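Q: One structure coming up, written as structure tokens, with questions to follow.
The values are calculated or read from the model by the stated rules, or taken from the named source; none is laboratory data. These numbers were taken from a predicted model, which means no experiment stands behind them. FYI the Cβ positions are ideal-geometry reconstructions off the backbone, even for glycines, and counts take in every protein chain you see.
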């Protein structure tokens, strides 16, 4: 029986042990394409709750997940509670906040992502969700609208959906509403915007438009992760994104999309009321197309976008020319110079992780550039005899440092605590 609290803006459906337990969950993310859930992907995520309590968040519907997650997948958990939240009041109700705070796993159902954004953002529930992900390091995932909200950037659907044709023929269509860096913060999705239902309808054109628009308006280099309807992408602490589906019985793929780093920085034509052109000879974007298998054997390494490290997929080149999407067989990215031929001979950067400073031991007069996860330059200097660099002004997070001397470069990843 559901517990109905309509005045408070939520309804609870509970299955399992009503006494909360505390376990040690393991970080994991599952991105689901929007149709029927892939059982093996859900088992993968459910196991990371380590037998704890599962909370399903949705803004419509009822208890369709409860028995499925509690007993049908063969993974033991203490309880499954679905919270159907229909207002901000429901989102910040003390009962809801307590249940979400004590969950070992959180799952966002499909529906309308604008409800999630407008109900959960900029309040105590948003804080608890980010704490679950980044402090508790607990598993989280979502399907359709639930997948759409998990990137640093997200299509909010505030004014409704938008088709690929509408987006490509006017990148400033009023239905293209994108949030950026103001909601959920998920490791490995810091520079990503997701999209779902990729095969029905075809959303490659609108996803490409989202990336072009952010590149032009925000001067950030974003990437895309997308799933066909029956496909799931799952990744844990190692950053390897495994793809689940039923290939080769069906054409079920995930896509990992990035701007071609060898193209000019500007998008050729991205203006209001005009068709998008982002082509650069048909190679504006590089997409790694990965077949989803029942056991999730194929993957893309989210640590290595620049090198295009993956297994089981194939590369495509994508482009948009005068509002028309095109794709062709492609090549892997070549964004980092060959370390054997072009890397500085000796480089030492300490400490890593760092806090208020880093010390770089390498050739004098080496130029330094430091980039945040959005690809923006946040520090630029030249080394002198004192190789201690002040980093106290930087926010916590992941950075990439480039050291340049005599036309040779090296790149290092650094973490500020």
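Q: Tally up the residues in the range 111-148 that are over 20 Å from residue 89 (Cβ atoms) and out of contact with any strand residue (DSSP E or B) (no Cβ under 9 Å at 6 or more places or on another chain), please.
A: Residues flagged as over 20 Å from residue 89 (Cβ atoms) and out of contact with any strand residue (DSSP E or B) (no Cβ under 9 Å at 6 or more places or on another chain) within the range 111-148 amount to 6.
Q: Any residue at all in the range 28-41 that's in a loop (DSSP other than H, G, I, E, B), surrounded by fewer than 18 Cβ atoms within 10 Å (Cβ to Cβ), touching a residue at least 40 places away in the same chain (Cβ under 8 Å) and touching a helix residue (DSSP H, G or I) at 6+ places or on another chain (Cβ under 8 Å)?
A: No, because not a single residue in the range 28-41 is in a loop (DSSP other than H, G, I, E, B), surrounded by fewer than 18 Cβ atoms within 10 Å (Cβ to Cβ), touching a residue at least 40 places away in the same chain (Cβ under 8 Å) and touching a helix residue (DSSP H, G or I) at 6+ places or on another chain (Cβ under 8 Å).
Q: Just to be sure before I move on: is residue 108 in the same structural domain as residue 10 (by TED's automatic domain parsing), within 22 Å of the chain's Cα centre (by Cα) and either over 23 Å from residue 224 (Cα atoms) or surrounded by 22 or more Cβ atoms within 10 Å (Cβ to Cβ) (or both) in the structure I sent?
A: yes
Q: Within the range 218-228, can one find any residue that is at pLDDT 95 or above and either assigned to a loop (DSSP other than H, G, I, E, B) or not assigned by TED's automatic domain parsing to the domain that holds residue 65 (or both)?
A: Yes: one or more hits.
Q: May I pose another question? Of the residues 404, 368, which single one is closer than 25 Å to residue 259 by Cβ, part of a strand (DSSP E or B) and either in the same structural domain as residue 302 (by TED's automatic domain parsing) or at pLDDT 85 or above (or both)?
A: It is 368.
Q: Out of 301, 238, report the one residue that is out of contact with any strand residue (DSSP E or B) (no Cβ under 7 Å at 6 or more places or on another chain), assigned by TED's automatic domain parsing to the domain that holds residue 169 and closer than 28 Å to residue 105 by Cα.
A: 238
Q: Out of (1) part of a loop (DSSP other than H, G, I, E, B); (2) out of contact with any helix residue (DSSP H, G or I) (no Cβ under 9 Å at 6 or more places or on another chain); (3) at pLDDT 95 or above, what's the single condition that is false for residue 352?
A: (3)
Q: On to the next question. Output yes when any residue across the range 5-25 is over 15 Å from residue 108 (Cα atoms), within 22 Å of the chain's Cα centre (by Cα) and either in contact (Cβ under 8 Å) with a residue 24 or more places away in the chain or outside the structural domain of residue 239 (by TED's automatic domain parsing) (or both), and no when none is.
A: Yes, there is a match, as at least one residue in the range 5-25 is over 15 Å from residue 108 (Cα atoms), within 22 Å of the chain's Cα centre (by Cα) and either in contact (Cβ under 8 Å) with a residue 24 or more places away in the chain or outside the structural domain of residue 239 (by TED's automatic domain parsing) (or both).
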